[in-house]
């Protein structure tokens with residue numbers, strides 16, 4: 001029982017960051033329909049930027065997180081502007097190949113820049129964990145959860161409540177009519193890609209200090225993000241948030257009760273089950289076609 | 001108010017508009033009739049900046065707006081209510097209207113205009129929080145018209161407003177468009193329902209295969225033998 005409670009606590013902690021990864025990808029893959037293989041690299045980029053700002057430059061830990069997120073946003077916007085904008089309207093295979101190329105280049109650049117040795121980012125938070133009854137949680141992980149939840153709430157508000165969010169939703173429902181409403185469709189594409197990338201970088205910046213930072217850390221993050229998006233239904237932000245927590249739960253249960261080697265396999269198990277039984281995702285609404 | 005001179009538009013190697021010219025005077029209702037594929041929608045799309053012009057000019061209030069972005073053309077005062085209504089199906093009625101006023105910053109005035117549109121279309125007011133995709137075809141058309149009014153345009157272009165609507169709704173739609181014209185907004189309309197369109201307009205143009213073949217008062221075109229035979233389903237000998 002005590003063990004189960006601890007698993008639940010771990011689930012909530014990891015679920016927050018997974019939700020960030022998933023929401024970021026659902027904006028890009030689910031709404032913009034770009035199969036974004038660079039999502040994991042933006043996660044890794046966020047972690048390296050965190051290492052750069054917090055450990056190398058020695059910035060305040062929290063300011064460094066904000067800088068890493070901003071850097072991720074800028075890189076995402078640059079990717080969209082330079083690689084995707086010239087191919088707007090091209091079929092999905094073309095953009096997929098471009099993104100695979102970008103993924104390989106980005107990963108190797110990380111390797112070239114930072115070397116293959118894992119980097120660790122020391123945190124200023126107390127080492128002794130917070131103990132509540134049978135559960136113990138490190139302060140660092142608790143902070144990660146709080147920041148992740150704040151970012152999820154902020155994303156949700158931007159998309160649903162602001163004029164920018166309305167313009168985004170209008171653009172991805174019908175871009176030429178959105179243009180007739182005076183929306184600068186190109187800017188919305190770039191901004192949305194940047195926004196999704198910022199969330200991936202945020203997940204990286206938050207988990208960087210929890211784990212270690214390596215050039216290949218993005219691969220698994222990409223796969224997990226796709227699992228979460230498929231689980232929640234393409235383009236469904238609430239679905240992606242809940243999907244993040246479900247993946248975290250599956251990993252905890254898989255690692256705790258089957259074998260710790262199964263932790264990272266749980267994402268694939270989920271993708272297969274969802275695609276077999278509910279291919280539109282767990283939270284898909286009925287869609288009117290035509 | 002709006003003047004088009006020798007407009008040419010191409011989709012790849014296909015010429016959709018082959019040097020057309022037309023004029024829309026202020027506070028008038030001008031219609032563009034023609035068969036499917038004649039280039040009517042392309043004309044509107046070229047005016048609103050969705051399709052680039054290969055050559056020719058679009059002049060609005062004395063200013064050359066050829067090649068401007070869709071959003072700057074809207075800012076100049078030309079709204080385009082597209083074919084097939086194209087409401088944002090996953091957004092509510094209110095959100096659709098707000099998007100129509102996207103370029104405006106005068107929040108209070110926007111709210112007043114929104115209320116005016118809702119009082120003009122009581123069905124929309126009842127369904128204001130409903131997602132637009134769940135509205136009937138006629139209600140979606142009302143929403144599309146209302147949305148195009150939200151930018152406070154000087155000229156509204158309607159593309160096939162009667163398409164796919166029940167006959168009584170068609171009549172209602174046309175009387176709303178008449179009302180917009182009477183309230184002082186210039187209207188340009190593309191219609192396949194040639195008789196109704198010619199009957200209500202001040203001036204009309206007939207487009208065939210990308211070229212302007214006829215122009216004149218609506219009544220004049222209605223009595224033209226070619227128009228009667230080809231577009232009104234009346235044979236010349238009847």
Q: Taking residue A:142 as meeting all but one of (1) closer than 28 Å to residue A:1 by Cβ; (2) crowded, with 17+ Cβ neighbours inside 10 Å; (3) in contact with a helix residue (DSSP H, G or I) (Cβ under 8 Å, 6 or more places away or on another chain), write down the number of the exception.
A: (2)
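Here is a check on your reading of the model: is residue A:66 at pLDDT 95 or above and either in a loop (DSSP other than H, G, I, E, B) or touching a strand residue (DSSP E or B) at 6+ places or on another chain (Cβ under 6 Å) (or both)?
Numbers: at pLDDT 95 or above: yes; either in a loop (DSSP other than H, G, I, E, B) or touching a strand residue (DSSP E or B) at 6+ places or on another chain (Cβ under 6 Å) (or both): no.
Taking the combined requirement at face value, the residue does not satisfy it.
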**Q.** Only one of A:128, A:192 that is away from chain B (no Cβ under 14 Å) and either in contact with a strand residue (DSSP E or B) (Cβ under 7 Å, 6 or more places away or on another chain) or surrounded by 23 or more Cβ atoms within 10 Å (Cβ to Cβ) (or both)
**A.** A:192
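List the strands (runs of 3 or more DSSP E) inside the stretch B:118-224, counting only whole elements, that have at least 2 residues being touching a residue at least 12 places away in the same chain (Cβ under 8 Å), surrounded by fewer than 17 Cβ atoms within 10 Å (Cβ to Cβ) and away from chain A (no Cβ under 14 Å).
Values: elements: B:155-159, B:186-191, B:203-208, B:211-216.
Passing ranges, in order: B:211-216.
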Q) When you look at residue B:67, is it within 28 Å of residue A:164 (Cβ to Cβ), within 14 Å of chain A (Cβ to nearest Cβ) and outside any helix (DSSP H, G or I), yes or no? A) no
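Conditions (1) farther than 14 Å from residue A:182 by Cβ; (2) within 10 Å of chain A (Cβ to nearest Cβ), marked per residue:
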site: B:57; (1), (2): yes, no
site: B:74; (1), (2): no, yes
site: B:104; (1), (2): no, yes
site: B:110; (1), (2): no, no
site: B:114; (1), (2): yes, no
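A quick yes/no check of all residues on (1) surrounded by fewer than 23 Cβ atoms within 10 Å (Cβ to Cβ); (2) under 30 Å from residue B:49 (Cβ atoms); (3) modelled with pLDDT under 95:
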site: A:185; (1), (2), (3): yes, yes, yes
site: A:196; (1), (2), (3): no, yes, no
site: A:200; (1), (2), (3): no, no, no
site: A:204; (1), (2), (3): no, no, no
site: A:211; (1), (2), (3): yes, no, yes
Q) Out of (1) within 14 Å of another protein chain (Cβ to nearest Cβ); (2) buried (at least 19 other Cβ atoms within 10 Å of the Cβ); (3) within 23 Å of the chain's Cα centre (by Cα), the odd one out for residue A:177 is which? A) (3)
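Could you check how many residues of the stretch A:159-174 are more than 7 Å from chain B (Cβ to nearest Cβ), surrounded by 22 or more Cβ atoms within 10 Å (Cβ to Cβ) and free of Cβ contacts under 8 Å to residues at least 24 places away in the same chain? Quick ask: steps written out before the conclusion?
Kept after step one, since they are more than 7 Å from chain B (Cβ to nearest Cβ), are these residues of the stretch A:159-174: A:159-165, A:168, A:171-172.
Now drop any that are not surrounded by 22 or more Cβ atoms within 10 Å (Cβ to Cβ), which leaves A:168, A:171.
Still in the list and also free of Cβ contacts under 8 Å to residues at least 24 places away in the same chain: A:171.
Residues that pass the stated criteria total 1.
Yes/no matrix, rows are residues, columns are (1) in contact with a helix residue (DSSP H, G or I) (Cβ under 9 Å, 6 or more places away or on another chain); (2) assigned to a loop (DSSP other than H, G, I, E, B); (3) at pLDDT 90 or above; (4) within 21 Å of residue A:46 (Cα to Cα):
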position: A:85; (1), (2), (3), (4): yes, no, yes, no
position: A:95; (1), (2), (3), (4): yes, no, yes, no
position: A:100; (1), (2), (3), (4): no, no, yes, yes
position: A:103; (1), (2), (3), (4): yes, no, yes, yes
position: A:121; (1), (2), (3), (4): yes, yes, yes, yes
position: A:124; (1), (2), (3), (4): yes, yes, no, yes
position: A:147; (1), (2), (3), (4): yes, no, yes, yes
position: A:152; (1), (2), (3), (4): yes, no, yes, yes
position: A:157; (1), (2), (3), (4): yes, no, yes, no
Q) Can you name the number of the only condition in (1) within 13 Å of chain A (Cβ to nearest Cβ); (2) surrounded by fewer than 22 Cβ atoms within 10 Å (Cβ to Cβ); (3) part of a helix (DSSP H, G or I); (4) within 21 Å of the chain's Cα centre (by Cα) that residue B:89 fails? A) (3)
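The values are calculated or read from the model by the stated rules, or taken from the named source; none is laboratory data. Being a predicted model, the structure only gives us computed values, none of them experimental. Don't worry about glycine lacking a Cβ; one is built from the backbone with ideal geometry, like all the others, and counts go over all protein chains shown.
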